[in-house]
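Okay, so here's the structure we're looking at.
The values are calculated or read from the model by the stated rules, or taken from the named source; none is laboratory data. Here the structure is a predicted model, which is why all the values come from computation and not from measurement. Here the Cβ positions follow ideal geometry from the backbone for every residue, glycine too, while neighbour counts run over all protein chains shown. Each accessible area value is taken on the protein alone, full model and side chains, heavy atoms only, with ligands, DNA and RNA left out. Shrake-Rupley method; radii C 1.70, N 1.55, O 1.52, S 1.80 Å.
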Amino acid sequence: MPAYDLIIRNGTIVDGTGAPRFAGDVAVKDGLVAAVGTVRGDAADEIDATGRIIAPGWVDIHTHYDGQATWDAEMAPSSWHGVTTVIMGNCGVGFAPAAPNRHEWLIGLMEGVEDIPGTALAEGMKWNWETFPQYLDALEQMPRTVDVGTHVPHGAVRAYVLGEREKPGAIPTTDDIRKMADIVEEGVRAGALGFSTSRTVIHKSVDGEVVPGTSATAEELIEIGRAMGRVGYGVFEMASDMKREWDEFGWMGALSRETGLPVTYAALQSIAKEMPLDEQIAEMRKQNAQGANIVAQIALRGNGVVMAWQGTIHPFRFRPSYVAIADLPWSAQLAKLKDPAFRAQVLSEENVYPESDIIGLLMMISQGWHNQFVMDDGFDYEPQAEASILSRAKAADASPDAYAYDKLMENDGTGFIYLPILNYADGNLDFLESLQAADDTVNSLSDGGAHCGTICDAASPTFMLEHWVRDRKRGGRISLEQAIKRQCRDTARLYGLDDRGILAPGYIADINVIDFENLRLLKPWLAFDLPAGGKRLLQKAEGYDYTIKGGKVTFRKGEWTGETPGGLIRGPQRAELLEAAE
């Protein structure tokens, strides 16, 4: 009988703690790391990791697989990028609790906020739940390549309690707030990892209505937070426009101090946020100095839009001639787009914008040529000004819109243009250097499973290693040890998942074996593989030799093995073996 189930030999181990790398082996037995270092004995299976990095599996705490997790075992694209744990239910959107007459409303909320096709959600989900505990039970029935955990989402809770009264600006009664708090407490006791809300005008339903949390009072949010405090654990997660009159950091700090629980928020350079990022971080640190535990979730690159003819948005979306063909089948659209006369007509037109409170964003999409970049092979996600469409068009003696049109037409109309709307105000990522070294920030905001027609930031963990550790040319880099710690141990610890994120005896055997020198993101593409033919942007990577979940090889050379050892996470995880291991 072999001593171990699996031994990974002769690799360079980066164990997730931030400690220096070292040469050695990792042994696995019964789904746990059994030994690290020089491992003697045999195993049922061995992997030769000579010249490879051995690291923990990534823990992605900001995803939106709430619907997909009910029908998809592979959990792509996050699982393609070394992720072995995802936390969903972020930004106040999700599908439980769900009154039978509110299914369509919840789908519309998710479609509008997270750009997940409503037709895919409607066809893919079976709705074999109503309450939040029943939703967890439904999730538990399906094995996957990754572990999943989730928040109780504010939008669903409000819709369940207020019913048809849930409209923009709706003010819940004291009894409504009590009922919402009770639902959150019930959900957390059943195994939710926290509660989430959204307070930003960018987040709207498919009907254009702002999400329920936007008008919530501090009293409502604090009472819900207290519900988690009664349970004794849970993370309060929020996206916000950070309007100064809301005093977000004031009530977040008070809530954290009262309950002893962490509060985390999306920290971004954003045109929607009244408070600049530097001020957000400063206000957070003032509260933390007074005993709060507020943690900023930071993105690793410019958050924005990957624009394409078949995507959700592109620069010509508001030109009348394009609008006239927008609902045609793609083959008919493509024929028109290839027509020189049609091209000339589109380029001769002015943009006609709909009424919107985000008109500045629409103008950036349709004419922000100085901040738009063609996604060539080997695209640099920290592009310089001379790579912009404005600069390239000038060098080519072309108008920016003509240049953009032609680039979108490349490869039979499948070209892409990158527009970093958030986190790129300075034209570089230098501002993230100090934040990557801070203990009050975590790497996050991949939005895996969401914004299907506009981004594919589920690839962020790969980008972290490729760009920030190995290839960055325009500023400082980050050590491999720090980068891995930030997307394993740090993210796991925020949510009380103390059984993963580190390679040490007793921890879950979630492991990546990486060909670091050859790790690279591949070019994104649009797939139409969601239920009902729904579209999504996908991006793969080369360099992940093996991804292992709970001791089982789930991906080999980027291809799914068919193994589904992942399950549902219910509440904090503190394995018996950890005290001895640490």
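When 409, 375 are screened for being open to solvent by 30 Å² or more (accessible area, probe 1.4 Å), touching a Gly at 6+ places or on another chain (Cβ under 8 Å) and over 30 Å from residue 495 (Cα atoms), only 409 passes.
Failed condition for residue 66, given (1) more than 15 Å from residue 136 (Cα to Cα); (2) open to solvent by less than 10 Å² (accessible area, probe 1.4 Å); (3) at pLDDT 95 or above, with all others met? With respect to (1) more than 15 Å from residue 136 (Cα to Cα); (2) open to solvent by less than 10 Å² (accessible area, probe 1.4 Å); (3) at pLDDT 95 or above, residue 66 is out only on (1).
Can we say residue 80 is touching a residue at least 24 places away in the same chain (Cβ under 8 Å), of a type outside the set (Val, Ile, Thr), open to solvent by 10 Å² or more (accessible area, probe 1.4 Å) and within 30 Å of residue 17 (Cα to Cα)? So residue 80 fits the description; yes.
Cβ separations smaller than 7 Å between residues 6+ apart or across chains give the following pairs from the stretch 226-237 residues that are over 18 Å from residue 92 (Cβ atoms) and among the aliphatic types (A, V, I, L, M) to residues that are in a helix (DSSP H, G or I) and at pLDDT 95 or above: 231/185; 231/188; 231/189. Identification of helices (runs of 4 or more DSSP H) wholly contained in the stretch 380-482 with 1 or more residues that are in contact with a helix residue (DSSP H, G or I) (Cβ under 7 Å, 6 or more places away or on another chain) and either of a type outside the set (Ser, Thr, Tyr) or at pLDDT 95 or above (or both) yields 389-395, 400-408, 410-413, 460-463.
Of all residue pairs spaced 6 or more apart or on separate chains, those with beta-carbon atoms under 7 Å, a first member in the stretch 1-24 that is free of Cβ contacts under 8 Å to residues at least 40 places away in the same chain and a second member that is open to solvent by 70 Å² or more (accessible area, probe 1.4 Å) are 24/38.
Considering only residues that are over 16 Å from residue 491 (Cβ atoms), open to solvent by less than 40 Å² (accessible area, probe 1.4 Å) and assigned to a loop (DSSP other than H, G, I, E, B), which ones fall in the stretch 558-574?
So in the stretch 558-574, the residues over 16 Å from residue 491 (Cβ atoms) come out as 558-568, 570-571, 574.
So of that shortlist, the ones also open to solvent by less than 40 Å² (accessible area, probe 1.4 Å) come out as 558, 566-568, 571.
Matches in the stretch 558-574: 558, 567, 571.
Comparison of 143, 133 shows that the only residue that is surrounded by fewer than 24 Cβ atoms within 10 Å (Cβ to Cβ), out of contact with any helix residue (DSSP H, G or I) (no Cβ under 9 Å at 6 or more places or on another chain) and at pLDDT 95 or above is 143.
Evaluated against (1) within 29 Å of residue 111 (Cβ to Cβ); (2) open to solvent by less than 20 Å² (accessible area, probe 1.4 Å); (3) among the hydrophobic types (A, V, I, L, M, F, W, C); (4) outside any strand (DSSP E or B), residue 504 falls short on exactly one condition, (1).
Report yes if some residue within the stretch 307-321 is farther than 26 Å from residue 533 by Cβ, basic (Lys, Arg) and either within 30 Å of the chain's Cα centre (by Cα) or not in a loop (DSSP other than H, G, I, E, B) (or both); otherwise report no. No - not one qualifying residue is present in the stretch 307-321.
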